Amino acid sequence: MGLLSAVTSRLEPSYESEETFAYQCGRCETTFERPKTRMTRIRCPDCGASGVYAIDDTDENTSGDG
């Protein structure tokens, strides 16, 4: 977890009871989750990039290269 993620997690309210989407940053490859209720303007919590994409938890072990 990066410094920005650590600070953000302390400042944001807890969403443990909400359903979430998993994302991965296209720049630094950080994976993180956001509640479905906060799906607008998703940015990487570590580097701030907006180039993030949703990942499917069932495909985590798939490399996608072949």
Failed condition for GLY2, given (1) at negative phi; (2) modelled with pLDDT under 70
(2)
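ASP65: at pLDDT 65 or above and not basic (Lys, Arg), yes or no?
Working: at pLDDT 65 or above: no; not basic (Lys, Arg): yes.
The answer is no for ASP65.
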Cβ-Cβ under 8 Å, sequence separation 6+ or interchain: first residue in the stretch 31-57 and surrounded by 11 or more Cβ atoms within 10 Å (Cβ to Cβ) and charged (D, E, K, R), partner at pLDDT 95 or above and in a strand (DSSP E or B). Which pairs?
ASP46/CYS25
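The values are calculated or read from the model by the stated rules, or taken from the named source; none is laboratory data. This structure is a prediction, so every number in the text was calculated from the model and none was measured. Every residue, glycine among them, receives a Cβ derived from its backbone with ideal geometry; neighbour counts consider all protein chains shown.
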